[in-house]
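A short worksheet on the structure shown next.
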């Protein structure tokens, strides 16, 4: 029954999820078990890259859930992603212990540089993994709750919501750039050593993180799918299409939007938390408004309102980004910018929509 | 060829230049007359017999002390700008000469040697000797120098002369001189300084009543020296009444100083507000009136700033005029870019604001990268014309930089010009008609697509003009626009979409709030606080400070 609802009725999703699962099985095998000189060997670099893409796909999923289904364009999802990342980063920093450059048993290197005497209160407890993960979910969730509650209650919608979420992430960026905030300022958090006792430099740990990201993506997809196919999901779609009408029918439009927004923010935060140990650094630059807008483009390129389209978009745009920034960095912004324009003008339904169009033509 | 065609360019150019001269601010003209000393000697030479300033100065080097006194007398009847410096150096023993014919006359200022006549730096030893003076000549000179500086045509020089009196201490002789000059002085600033100088002098008097009166007089002065003199009395004087009077005077001075600090803050806040206004005002048209989310607005500002740079690179001899040339040039260029954006992209996206946002954001990336590829990712240096640099000191504690003052004025000018266009011209009428009810406007014969393009061009052009102004304040680089885009949107949203007055009020108040928060919170945190405040404010009043009312608002 549930399988029918979540998967079988969703052929595109099934296909994409199948590919993700396949990747999660084949890539680790080809990386660890296949010898380095074999053509089937997957390099460590590729594993890291694909792991990053998986996190981005989860992030794109969270954007699609809120934008594609509720019609709320958030240009601040980068903030939730980065906050999640900082939560994980703080845990990883505490794991360094006295192995930092200055060898202080408790304080981070940047705190020693700032001449701080003791650990700030908000760093307490982050040495425990469960607490850090709780915070990864709670802090962005509460921020989204407070922000969304204020915004939706006073019926800030559409472009206005987009702009103030952008201002939110911009404000957070400026705040985190300050050294006094106690998050490493400009440099952010980096130089991590181990996670849950596993050495972060070891390839096995990296593969483990890769598999964890894939599992998170699959679970996240199923959760999103569960929401959008539920009764609440239908209400959410109707809010997107006719907000006032839904409100007149007696639905609490604000609370539907709010809870969806909070869930989406937490999903983004999980993506951030998985992303940080894989790239080994988190800094305030991640809050940059451009990043948040880029996420929206992944979704738009893949096809909004389909969930699996977001995954397709995240993978294809980021693959293109990696390709162009390595081979001709000058052109990447031209291409990204052009993509924004082309997708909005010519491909309102994204890549997924393109396939649909071909299929329908074929049927005729 | 028509002979007219050949004549016109030659005749119009001076005419245009003349017209532009009228636009140049007055003090720029004042400065150009000041900095033309070479004219004076030539006119003096025309008067045949009289020795020129140069000859007289060179005469100083030789002869006996008595000859020198005669030369000084002759010199003091000259009205040359360099005279004060020469006399000052002579008194201080810093006027040097060698034995050449004619001798090189040099002024020593610490380690530096400058030619007294040409003002050029002198390097290398030229066997310069001090020109000797005795006490009687020195006394004669002191009076001359003081008088000379006091009678200088430049207000700032006169003011500096009085300041020097206060600093060096006032004796009976200079007090008499100051009293005499006070009668003829026409600048209030110098008048005040003289009053302070006299009061400082009277403080040394033996008569208690005079000293009390002097303290009373000084309580209105903002000069640093006045405060020092008062502080000396408040702490050390034997007379208790004088001590308390001085302490009171200091207190009243302090309260006035804090008032001027407040005024200064106010001005800086308004100036920051005018920057925000300039950045946001184009957006107030495209976003506020047309409802188009143009994320490439910041890049249009950037193009305007680069136009200023381009004008300066193309016409390196015309730096003084560059801003006046750049304003219309930037308007045209950015307006054309804007129209191209509207025709090429935005036209297809009317009624889909979120898509417009994304598409224009893409355009902004393309424009940024285009600038990076075409010019350089590095900042370009834009120079400021002479007339826009410098400071205007109103009193000893309050001074204002001309750049900020002009940008404030310019911002308001642009605002009111735009206001006029919107309220008084046919285009403005059509713009408002289309924005209020597109279908009805079309029905009565307004070509709405044409109006859309022009409106967007207007808003973009204003952004370009803003870029010209901003090029004088910030670094001109590919990221210039990004720094302003969020602020601009905030200003427009805060003020109320579709309301130009709201934009003005919101820009100014955001500037003020930011500036008054800064001393307490630091620049970065002040900005964060303002953003958070705005976010909360928008939740409270989603339609801004001055929401549109009536049918135009109903959508």
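The values are calculated or read from the model by the stated rules, or taken from the named source; none is laboratory data. Just so we're clear, the structure is a prediction, and the values are computed from it rather than from any experiment. Positions of Cβ are generated from backbone atoms using ideal geometry, with glycine treated the same way; all protein chains shown enter the neighbour counts.
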(message) Conditions first: (1) in contact (Cβ under 8 Å) with a residue 12 or more places away in the chain; (2) more than 16 Å from residue B:87 (Cβ to Cβ); (3) surrounded by 11 or more Cβ atoms within 10 Å (Cβ to Cβ). Residue B:127 passes all but one, so which condition is the exception?
(response) (3)
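Residue check: is residue B:382 at pLDDT below 90 and under 27 Å from residue B:338 (Cβ atoms)?
yes
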(request) Taking the residues in the range B:45-73 that are over 16 Å from residue B:118 (Cα atoms) and within 40 Å of the chain's Cα centre (by Cα) as candidates, determine which candidate is modelled with the highest pLDDT. (result) B:72
(request) Check the range A:146-166 and report whether any residue there is touching a strand residue (DSSP E or B) at 6+ places or on another chain (Cβ under 6 Å) and either more than 30 Å from residue B:487 (Cβ to Cβ) or assigned to a helix (DSSP H, G or I) (or both). (result) no
(request) Return the total of residues in the range A:242-254 being in contact (Cβ under 8 Å) with a residue 12 or more places away in the chain and either closer than 13 Å to residue A:62 by Cα or part of a helix (DSSP H, G or I) (or both). (result) 3
(message) Against the condition surrounded by 20 or more Cβ atoms within 10 Å (Cβ to Cβ), modelled with pLDDT of 90 or more and in contact with a strand residue (DSSP E or B) (Cβ under 7 Å, 6 or more places away or on another chain), how does residue A:91 come out, does it pass?
(response) no
(request) Output yes when any residue across the range B:168-176 is surrounded by 16 or more Cβ atoms within 10 Å (Cβ to Cβ), under 35 Å from the mean Cα position of the chain (by Cα) and closer than 30 Å to residue B:101 by Cβ, and no when none is. (result) no
(request) Find the helices (runs of 4 or more DSSP H) located wholly in the range B:185-276 whose residues include 3 or more that are within 30 Å of the chain's Cα centre (by Cα), and list them. (result) B:188-203, B:224-236
(request) Find the residue count for the range A:314-352, including only residues that are part of a helix (DSSP H, G or I) and either within 13 Å of another protein chain (Cβ to nearest Cβ) or at pLDDT below 85 (or both). (result) 23
(message) For the list (1) without any contact (Cβ under 8 Å) to a residue 12 or more places away in the chain; (2) under 30 Å from residue B:319 (Cβ atoms), I need the number of the one condition that residue B:402 fails.
(response) (1)
(request) Filter the range A:150-180 for residues that are over 22 Å from the mean Cα position of the chain (by Cα) and either more than 9 Å from chain B (Cβ to nearest Cβ) or at pLDDT 90 or above (or both) and give the result. (result) A:152, A:179
(request) Please tell me if residue B:366 is within 19 Å of residue B:479 (Cα to Cα) and in a helix (DSSP H, G or I). (result) yes
(request) Within the range A:205-231, track down each residue that is assigned to a helix (DSSP H, G or I), without any contact (Cβ under 8 Å) to a residue 60 or more places away in the chain and within 19 Å of residue A:69 (Cβ to Cβ). (result) A:219, A:223, A:231
(message) Looking only at the range A:181-204, count every residue that is in contact (Cβ under 8 Å) with a residue 40 or more places away in the chain and either within 14 Å of chain B (Cβ to nearest Cβ) or in contact with a strand residue (DSSP E or B) (Cβ under 6 Å, 6 or more places away or on another chain) (or both) and tell me the total.
(response) 8
(request) State whether one or more residues within the range A:287-301 are touching a residue at least 40 places away in the same chain (Cβ under 8 Å), under 30 Å from residue A:202 (Cβ atoms) and more than 13 Å from every other protein chain (Cβ to nearest Cβ). (result) no
(request) Could you please let me know if residue B:138 is closer than 25 Å to residue B:204 by Cα and in the same structural domain as residue B:187 (by TED's automatic domain parsing)? (result) no
(request) Kindly check whether there is at least one residue in the range B:320-330 that is closer than 21 Å to residue B:485 by Cβ and either within 13 Å of chain A (Cβ to nearest Cβ) or out of contact with any strand residue (DSSP E or B) (no Cβ under 9 Å at 6 or more places or on another chain) (or both). (result) yes
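Can you give me the ranges of the helices (runs of 4 or more DSSP H) entirely in the range B:372-490 with at least 1 residues that are surrounded by fewer than 16 Cβ atoms within 10 Å (Cβ to Cβ), on the phi < 0 side of the Ramachandran plot and within 31 Å of the chain's Cα centre (by Cα)?
Ranges flagged: B:402-424.
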